[in-house]
Every structure is written in C-alpha cells, then in structure tokens.
1. Which entry is the computed volume of the Cα convex hull per residue in Å³ for this structure: (1) 291; (2) 146; (3) 132?
2. Round to the nearest 10 and report in Å² the accessible area of residue 35, as given by a 1.4 Å probe over the protein chains' heavy atoms.
3. What dipole magnitude, in Debye to the nearest 20, does region 158-260 give about its Cα centre under +1 on Lys/Arg Cβ and -1 on Asp/Glu Cβ?
4. Can you pick out the pairs among 223/395; 171/225; 28/410 whose Cα atoms lie more than 24 Å from each other?
5. Of all DSSP beta bridges in the chain, what percent run antiparallel (nearest 5)?
6. Just the number please: accessible area per residue for region 324-388, 1.4 Å probe, all protein chains included, in Å².
7. Could you let me know the centre-to-centre spacing of region 263-312 and region 42-88, using Cα atoms, in angstrom?
8. Apply the Karplus curve 6.51 cos²θ - 1.76 cosθ + 1.60, θ = phi - 60°, to the phi angles in region 329-342 and return the couplings in whole Hz, x for Gly and Pro.
Amino acid sequence: MGKKLLCGLAAVAVLGAFGPVQAQETIKIAYIDPLSGSGASIGEVGQKIFQFIADQQNAQGGVLGKKIEIVGYDNKLNPQESLVQVQKAIDAGIRIITQGNGSSVAAAITDFVAKYNERNPGKEILFLNYAAVDPVLTNDKCNFWHFRWDANSDIKMEALTNYIKPRANIKKVYLINQDYSFGQAVRSEAVKMLAAKRSDIQIVGDELHPLLKITDFAPYVAKIKASGADSVITGNWGQDFALLLKAAADAGLQVDWYTYYAGGTGGPTAVRQTGLNHRVFQIAEGSPNIPYGPSQEFAKALRAKYDISLFYPRAVNEIRMLVAAIDQAKSAEPGQFAAKLEGMKITTFKGGGGFMRADDHQFFQPMYIESFGERGADEPFDEEKTGWGWRTVAKIDTADTILATTCKMKRPGS
C-alpha cells in the first residue's frame, strides 16, 4: 500500500473519529416563535429568556458534559411557516423543538412531529410546549412526543372563575378574545364556568376579533363602555392586550380586568396608563415579587443582563426537567430520554411541587392570581419601569389545579 494512500486513510480515520464528536458538542434546541412582524416583541423576549436559562445551565456544566444551544427560527406566527422552520431545524440536525405562541401553531407542530416520528423510528424529534394552552393539545390531540409546561386555558379559567365567584361586586362581564383556537377556548369556558358558579352574572358582551391584526381597539372599548360592564375577561396576549388596554386608558374605561397575559411585553405599561391600581388581575405561575429567594435572585440576574422581566417561569421548569431527563437517560436522544419526563416531579421555579402527568403530558404546578399596581415595601420588582408591580392575591395549590383529561396516549411500540 502506497505511503500517500496510508496517509489518506489515516486522515479519514481521524475525521471519522472526531466528526461525530464535533457534531455533538452541543445539545441544540430549536426555538420556533415569531421573531418578526406583529408577534416579534413576544418572540424576541422569549428567545432571550431561553438563552439566559441555557447560559445558566451551561455555567453549571451543561448536561452530559455538553452545552445547551438555543437556535432561533422565525415562524412569523404562521402554522405553515412554522412547519417550514421545523423542517429546517431537522435538516440542521436538531432533535428538540420548543414553541409557545400560539396554539394554532402548536397544533400544526404536534401533528407534524407525531407523523414524522412514525416515519423515522430512531430519529425522533421532541416538542416542548412552553405557552400554547389550547386544552385540545393534551386532550384529543395529545401525543407522546409533546409535553406542555404551561397550565392549559381550562385550568386557568377554573382558577379565575373561582376567584370571581365570591365577589358580589361583579355583576356584568364582557368577554373579548382573539378569534382562533385559544381565544375561542377561553370564551367558551368562561361562559360555561360563570353559568355554573355565578348564574346571576350577566354576560353583556362576547367579542372575538382577528389575531394580532387590530391596531386601534377604540371601537371595541366603546362597546365595552356602552354595555355597562363592571368587569372584562380576556385571554388577549402581546400587542392585542397592550393596545386594548391603551384604548381603555384613552377612553377612561373604569372596569376590572381578569386576564391571562397582562404581564406580557407592553402590558404593564398599558395597565399603568389606565390608572387602574390593583384592578387588573392575571392568572400565572408566579410573579417576581413572590418571596422565594432562588427565583428573586434569578430575576435580578435576568434584569441585569437583558432588562426584561421573567414572564415565562415555566421555561425554567421546562429546561431544568429536560436536563434531568437527559441526565437520567444518559442520552440526548429523544427516543431515549422522553419517557423520563413522564411523571417527573420537581420543586418548581417559584417553589412548591410540580409534576408532569404521564396520562397526557400536562405539567401541573402552583398557580397564582395577581393584581398589578402600587408596590408595598416587600414587593421589590416593578415592571417596564412603571413603578408598579405584581401582588399575589390568591394562590392555588398544585392539587387544586388538576382537571381530568380525555387523552388516549399512544406510546411508541404500542
């Protein structure tokens, strides 16, 4: 055998030895959310939050000696575009996907992932859902390769309506929501649960509007004002919440607001403009002002680096559980570690016990109802430099957030 051929074979052997190792130096997570257009303000903040969580984990050694890398893909808040980006991530060798905005996108991704994994055994991809809360995703559309860390909209509405139930001052409620699967779920459960718990409450308006298309909510606010409502229930998020509250401030609308996402980008600023001191409520997994040392230290560090608030505590739970599952399986292959997430119990980011229900892959955790307004001495964090901050007015223990599921989980090999 010639000397040149031997050298060539040696080079190939070296490349063969080091090629796969180099390819596996990091565990990549595709972050697929809007990074342009009307949803960009939400998507960009989410990417920074995931990057910060990954940086913290990497500073502690990563997982299996590998670093976590967050790779952003702009889905333009469009289900079809999301699938294009999922395929790009797969083509780049990424096997873990996370997404949250919104539920129509999540429905498309979970269908794609289920079908892809059936066709590609041994090369499975995993979908980690941190914010898409349409209940159908862990009910009729559940699949083994999808896990959700946010409470679904039914769980949140159950908590909100339980809080509303004893408040005799609430007599007339206006519903306004985005016209897609999530907003429709919020609307239908609000109607059903209010009827069951407070049949005396009159629903004086029930509005659905296009998702992230409205730039002036003044006509909608005029309807709310004319209805005589004393309270509004809305699942609106992103600019649809901020612009709705801005129009309410401009019109001097004096009502209480019961929301899912008032804490999102632009929301606190819009609430402050209304002057509604502790009259805007949200259901969430906890604010920075919860007196829990580890989460407050995290909030300080995040604000120091990015000057943003952590309105995705569930993202921390997601990454920490992912790391634990990979570590337990001693493998970053989704087919090896996915089952480790089933039934996993943790101490949540805000304190208290949480667990991933094996039946449907819905995460359960303590939930909080919070109001936004002037801060007390024991409430150190404001939001968006408004001087106002979140205050806990009710806590729902994990056991009291659990609702039944209709999921019929089909597991690999079954």
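1. Given (1) 291; (2) 146; (3) 132, the structure-derived one carries the label (2).
2. Ignoring ligands and nucleic acids, residue 35 comes out at about 40 Å².
3. Once rounded to the nearest 20, the dipole reads 280 debye.
4. Details: 223/395 33 Å; 171/225 15 Å; 28/410 27 Å.
Pairs exceeding the cut-off: 223/395; 28/410.
5. 35 percent
6. In whole numbers, region 324-388 has 39 Å² accessible per residue.
7. 22 Å
8. 7, 6, 7, 9, 7, x, x, 8, 9, 4, 5, 5, 6, 5
The values are calculated or read from the model by the stated rules, or taken from the named source; none is laboratory data. Since this is a predicted model, take the numbers as computed values, not measurements. Don't worry about glycine lacking a Cβ; one is built from the backbone with ideal geometry, like all the others, and counts go over all protein chains shown. These accessible areas exclude ligands, DNA and RNA; they are computed on the full protein's heavy atoms, side chains included. Shrake-Rupley method; radii C 1.70, N 1.55, O 1.52, S 1.80 Å.
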